[in-house]
Each structure stands twice: as C-alpha cells, then as structure tokens.
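FYI, it's all coordinate maths here, none of it is from the lab. Small disclaimer: the values here were computed from a predicted structure and weren't measured. In this analysis, Cβ positions are derived from the backbone assuming ideal geometry, glycine residues included, and neighbour counts consider all displayed protein chains.
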Amino acid sequence: MFTDALDTLLAAEAPPDGREALAELTGMLLASDRYTEALPVARATVRAVRAGTYDPDALSEALFHLAMLESATNVSEDETLATLRGALEHLPPEAGFADPALHHRRAMILNLASHLHERAGRPEECQRLSDEALATYRPLTGGEDPSFAHHFGFLLENAADLAKRCGAPARARAHAEESRALYLRAATQDPERFLPALRRVEEFLTETNL
C-alpha cells in the first residue's frame, strides 16, 4: 500500500532509525492525503516514540500528526481530542517565542481542537479555542518571515468560517476582515502568494453576506 513511500525512505544515504522512519512515512502519507494508510503508521510512530528515551518534542509532534489523521478518518471527535490533549501536554516548556516552530504547533493544535468541538456541537468551546489559537499565533506575525503571515491568515480564515457555522456572524466578519487586511498588506511584498488568498476571503465575505 505504501511501498513507494517506504522504498523512498530506505533508499536514503543514511536511513533514519525506526521511529524517525515511521515519522517520515507518516508525514509523506499525510501530505499525499492517504489518511487511511497513514493512520496505523502514525499509531506505530507514537508507540515507537513512547518506547524510547522520553523526547517531549518528538512525542508531541507524533501525537499531533496522529490527531490530524484521526480527525480525517472515522475516529470520534472526543477520542481525537484526547490525542490532542496529549500533544499539548508533551509540548516542551520552551514552546514560546524563543522557538517559533513549537509556538506554531501549539496554535495549530488549538485550531484543530476548535474544529473538533464544532463538529461535536459545542460552539462555545469551539470559539474559545479558536480565539486561543489566534492569540497564540498573533505575536509571531511581527517579523519579516512571510510564512507567519500566511499561517496567521489561514487561522483567521478558519476562525471566520467556524464563527459563521457557530451562529456568530459579527465575529465571522471581524475575522474575515482582519485576514483580508493582512493579505492585502502581504500582497505588496509577495503578490503571487497572497493575492489568491485575498480573493478567497473576499469571496467568503460576498457569498456569506457578512
């Protein structure tokens, strides 16, 4: 099923150890939308990481990837939320501004949790976590790296869509307008990357009559 991905890993000049190979294979299958095949690999990755010397970063990342796959398959919302709680609990304490990658992961964990609560019919918890994801990521957008603006815009778009589905049109419009303003500024530096996102937000505002 995932022979090609496995062959790619084994062909590397310096094959990684078992858990790293599983983690890489999980990422490759996840990136190619092969969720059903990736799910058992992600579970094996978590088991392999737990079996080794405690590595909070690796365990948090493995649990986050597992939760992403659980949310895309037939795993229940509450079971997936339990996996996400583990990903947050094991996130290293330095997951602050000193390590943007870990800070980014925290925001994305919170964002995924907000979607799961919306699917489970818990709009208040959904919006609380959505706001927390935005508050977590917002401080990263002050630098010069455009990828942070791109990811924050993504979170704002998610927040707008969730607020609309949770029956909060004013919040939805505020998030959408903020993302539109962000994309408009960013497009002056990188139009190829940000103009499509800008058009997408404008269509959202028009189509939903916000």
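What number, rounded to the nearest 500 deg cm²/dmol, is the helix-based mean residue ellipticity at 222 nm of the chain, given -39500 (n - 2.57) per DSSP H run of at least four residues and division by all its residues?
Per the formula, -25500 deg cm²/dmol.
So between residue 74 and residue 202, what do we pick up on full extension, going 0.36 nm a residue minus the alpha carbon distance?
Computed gain between residue 74 and residue 202 is 42.8 nm.
So for 179, 147, fewest C-beta neighbours within 10 Å to most, what's the order?
147, 179
In nm, to one decimal, how far is the modelled label at residue 20 from the one at residue 135, with both set 7 Å along Cα→Cβ?
About 3.8 nm separates the two model spin labels.
Return the single residue from 137, 54, 183 with maximal mean-square fluctuation; model: Gaussian network over the chain, springs between Cα atoms under 10 Å.
Maximum fluctuation in the GNM of the chain, among the listed residues, is at 54.
Is the shape of the stretch 82-189 best called rounded, prolate or oblate, per the rule: a/c under 1.5 gives rounded, else a/b larger than b/c gives prolate, else oblate, with a ≥ b ≥ c the square roots of the Cα gyration tensor eigenvalues?
Note, shape of the stretch 82-189 comes out oblate.
Roughly how far apart, in whole Å, are the Cα centres of the stretch 115-152 and the stretch 39-105?
When both Cα centres are located, 18 Å separates them.
Where does helix 18-31 land angle-wise versus the long Cα axis of the chain, in degrees 0 to 90, nearest 10?
40
If you take every residue apart from residue 151 with its C-beta less than 13 Å away from the C-beta of residue 151, what net charge results, scoring Lys and Arg +1 and Asp and Glu -1?
It works out to a net charge of +2.
If you rank 150, 103 by fewest surrounding Cβ atoms within 10 Å, what's the result?
If I rank by nearby Cβ atoms, fewest first, I get 150, 103.
Given a 10 angstrom Cα cut-off, can you work out which residue in 196, 56, 139 is the most mobile in a GNM of the chain?
Between 196, 56, 139, it is 196 that shows the largest mean-square fluctuation.
Within the stretch 142-194, report the trypsin sites (Lys or Arg not before Pro) that DSSP leaves as loop and that have at most 16 other Cβ atoms within 10 Å.
none
Work through the residues other than residue 117 whose Cβ is under 9 Å from its Cβ and net out their charges, Lys, Arg +1 and Asp, Glu -1.
-1
Rounded if a/c is under 1.5, else prolate if a/b beats b/c, else oblate: with a ≥ b ≥ c from the C-alpha gyration tensor eigenvalues square-rooted, which is the chain?
Prolate.
Taking R0 as 25 Å, what FRET efficiency do you get between residue 35 and residue 82 from their Cβ-Cβ distance, rounded to the nearest 0.05?
With R0 = 25 Å, the Cβ-Cβ based efficiency is 0.85.
Once you list every other residue whose beta carbon is under 9 Å from the beta carbon of residue 172, what net charge do they have if Lys and Arg are +1 and Asp and Glu are -1?
So the surrounding residues net to +3.
Which residues make up the longest stretch of the chain clear of GluC sites (Glu not before Pro) that lie in a DSSP loop with no more than 14 other Cβ atoms within 10 Å, not counting the sites?
Between the exposed loop sites, the longest stretch runs 14-93.
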